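The values are calculated or read from the model by the stated rules, or taken from the named source; none is laboratory data. If you're wondering where the values come from, they're calculated on a predicted model, not measured in any experiment. Backbone-built Cβ (ideal geometry, glycine too); neighbour counts: all protein chains shown. SASA here: full protein model, heavy atoms, side chains in, ligands and nucleic acids out. Shrake-Rupley method; radii C 1.70, N 1.55, O 1.52, S 1.80 Å.
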Amino acid sequence: LYHNMTASYGQWQTSGAAKVETSTSKCLGAPCARLEAAPSSITYIGRAGQGLSTISYHNISLAFSIQVSNLEPNEYCNVSYSVDNRSSWINMASYNEGHNDITLTPLLFFGVDADNAEGVSIRFELDA
């Protein structure tokens, strides 16, 4: 299962000071999301808000690049997912000021609740 932000540009929902950039001068690779002030987020909602189907898939992982900079001591960039139409979120990773001014390319694994699911949503959130 492979999903590409470029192919699904309109399937991401932003809130707060979140922007989707298409310029390679502002991104490690275009397009990218920028969370500029807390609280803000970008959430993959999929076609018609249904999330990403993982039917017939197991051991699902998420690979992405993240550049963390200028976070205050009480700010966190959280990566989470939802399998219940975005009613609740399961945190996969948190980045704080200790990660400032570095670029990471993590590989995160979803829980078994995301296996064989009708709709999985993914959220990147800057929170204080």
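Is it true that N74 is at pLDDT below 80 and more than 17 Å from C32 (Cβ to Cβ)?
Numbers: at pLDDT below 80: no; more than 17 Å from C32 (Cβ to Cβ): yes.
Judged against the criteria, N74 is not a match.
Which of the residues spanning the stretch 19-43 are at pLDDT 80 or above, small (G, A, S), assigned to a loop (DSSP other than H, G, I, E, B) and surrounded by 14 or more Cβ atoms within 10 Å (Cβ to Cβ)?
Once the filter is applied, which keeps residues that are at pLDDT 80 or above, small (G, A, S), assigned to a loop (DSSP other than H, G, I, E, B) and surrounded by 14 or more Cβ atoms within 10 Å (Cβ to Cβ), the stretch 19-43 yields only A38.
Name the residue that is modelled with the highest pLDDT, counting only residues in the stretch 1-18 that are in contact with a Ser or Thr (Cβ under 8 Å, 6 or more places away or on another chain) and of a type in the set (S, T, N, Q).
Residue satisfying both the conditions and the ranking: S15.
Might you let me know whether the stretch 59-67 holds any residue that is modelled with pLDDT of 90 or more, in contact with a Leu (Cβ under 9 Å, 6 or more places away or on another chain), open to solvent by less than 90 Å² (accessible area, probe 1.4 Å) and small (G, A, S)?
Checked against the condition, which is being modelled with pLDDT of 90 or more, in contact with a Leu (Cβ under 9 Å, 6 or more places away or on another chain), open to solvent by less than 90 Å² (accessible area, probe 1.4 Å) and small (G, A, S), the stretch 59-67 yields at least one hit.
Please go through the stretch 73-128 and give me each residue that is outside any helix (DSSP H, G or I) and among the charged types (D, E, K, R), ordered by number. Give the derivation first.
Step one: filter the stretch 73-128 for residues outside any helix (DSSP H, G or I), giving 73-96, 100-111, 115-128.
Answer for the stretch 73-128, where residues must be outside any helix (DSSP H, G or I) and among the charged types (D, E, K, R): E75, D84, R86, D101, D115, E118, R123, E125, D127.
Scan the stretch 37-62 residue by residue and report those that are free of Cβ contacts under 8 Å to residues at least 60 places away in the same chain and within 15 Å of the chain's Cα centre (by Cα).
S61
Looking only at residues in the stretch 44-58 that are in contact with an Asp or Glu (Cβ under 8 Å, 6 or more places away or on another chain) and among the polar types (S, T, N, Q), which one is least open to solvent (accessible area, probe 1.4 Å)?
First pass over the stretch 44-58, keeping only residues in contact with an Asp or Glu (Cβ under 8 Å, 6 or more places away or on another chain): 50-51, 53-55, 57-58.
Checking the rest, the ones that are also among the polar types (S, T, N, Q) come to 50, 53-54.
On the way: Q50: 123, S53: 54, T54: 3 Å².
Residue satisfying both the conditions and the ranking: T54.
Take the residues in the stretch 72-104 that are of a type in the set (A, V, I, L, M, F, W, C) and open to solvent by 60 Å² or more (accessible area, probe 1.4 Å), then tell me which one is farthest from the chain's Cα centre (by Cα).
Ranking the qualifying residues of the stretch 72-104, first place goes to I102.
Within the stretch 63-111, which residues are without any contact (Cβ under 8 Å) to a residue 40 or more places away in the chain, closer than 16 Å to T43 by Cα and of a type in the set (V, I, T)?
If the condition is that a residue be without any contact (Cβ under 8 Å) to a residue 40 or more places away in the chain, closer than 16 Å to T43 by Cα and of a type in the set (V, I, T), then V83, I90 are the ones that fit.
Go through the stretch 105-128 residue by residue and tally those that are more than 21 Å from V20 (Cβ to Cβ) and open to solvent by 40 Å² or more (accessible area, probe 1.4 Å).
Number satisfying all stated conditions: 7.
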